[in-house]
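Heads up, the thing below is written out as structure tokens.
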Amino acid sequence: MDLVTRSPEETEAAGERLGRALGPGDVVALTGDLGAGKTCFIRGLARGLDVRQPVSSPTFVLVNQYAGRLPVYHLDAYRTGSLTEVLDLGFDEYVSGDGVTVIEWADPLRPLIPAGAVWVHIAGLGDEPRTISIARPDAPYLTGDVDSPRERG
């Protein structure tokens, strides 16, 4: 599914809609150029998960944790040097836990990211509109309207 946003507020709103649809153990992998709006999208996603504290990019600390209706683990792979370094951060514990794990700069981590992850790619820079592509092969609730309630069994 592709969305077009024309402002940071619309990008956050798209993230918020996705956040409302996420459940325990979900992993969201984000890709896009520097300045495309990944952190902006994640601020909205966290709001959709009822996170009330400010959300910022964990570029220098590598992982931020937030409390919401589920724990939210926000990882940034921009400065990671190897898959081993990411594993040493406790990556497996984050992605196999009962929270939601959100990964910025996810491309280099593809071998580690679970098959059922939600992939979000954001294209567009500067004042351009953003095209946000959201895909998850095993989640029919993401094939149409992000606002659709998630079926939980």
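Of the residues making up the range 43-52, not a single one is modelled with pLDDT under 90 and surrounded by 13 or more Cβ atoms within 10 Å (Cβ to Cβ).
Yes/no per residue for (1) part of a helix (DSSP H, G or I); (2) modelled with pLDDT of 90 or more; (3) touching a Leu at 6+ places or on another chain (Cβ under 7 Å); (4) over 24 Å from residue 2 (Cα atoms):
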residue	(1), (2), (3), (4)
35	no, no, yes, no
73	no, yes, no, yes
121	no, yes, no, no
133	no, yes, no, no
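Of all residues in the range 44-56, those that are within 11 Å of residue 22 (Cβ to Cβ) and touching a residue at least 24 places away in the same chain (Cβ under 8 Å) have Cβ atoms under 6 Å from Cβ atoms of residues that are surrounded by 24 or more Cβ atoms within 10 Å (Cβ to Cβ) and not hydrophobic (A, V, I, L, M, F, W, C), 6 or more apart or on another chain, in 45/15; 45/19; 48/19; 49/19.
For the range 4-15, indicate whether the set of residues that are within 15 Å of the chain's Cα centre (by Cα) and either more than 21 Å from residue 130 (Cα to Cα) or of a type in the set (Phe, Trp, Tyr) (or both) is non-empty. No, the range 4-15 has no match at all. Look through the range 97-119, keep the residues that are surrounded by fewer than 15 Cβ atoms within 10 Å (Cβ to Cβ) and touching a strand residue (DSSP E or B) at 6+ places or on another chain (Cβ under 7 Å), and return whichever of them is nearest to residue 4 (Cα to Cα). Step by step, filter the range 97-119, then rank; the result is 107. Within the range 1-20, being in contact (Cβ under 8 Å) with a residue 12 or more places away in the chain and either of a type in the set (S, T, N, Q) or touching a Ser or Thr at 6+ places or on another chain (Cβ under 7 Å) (or both) holds for 1, 2, 4, 5, 11, 14.
The values are calculated or read from the model by the stated rules, or taken from the named source; none is laboratory data. Treat the numbers as computed from the prediction; the structure is a model and nothing was measured. FYI the Cβ positions are ideal-geometry reconstructions off the backbone, even for glycines, and counts take in every protein chain you see.
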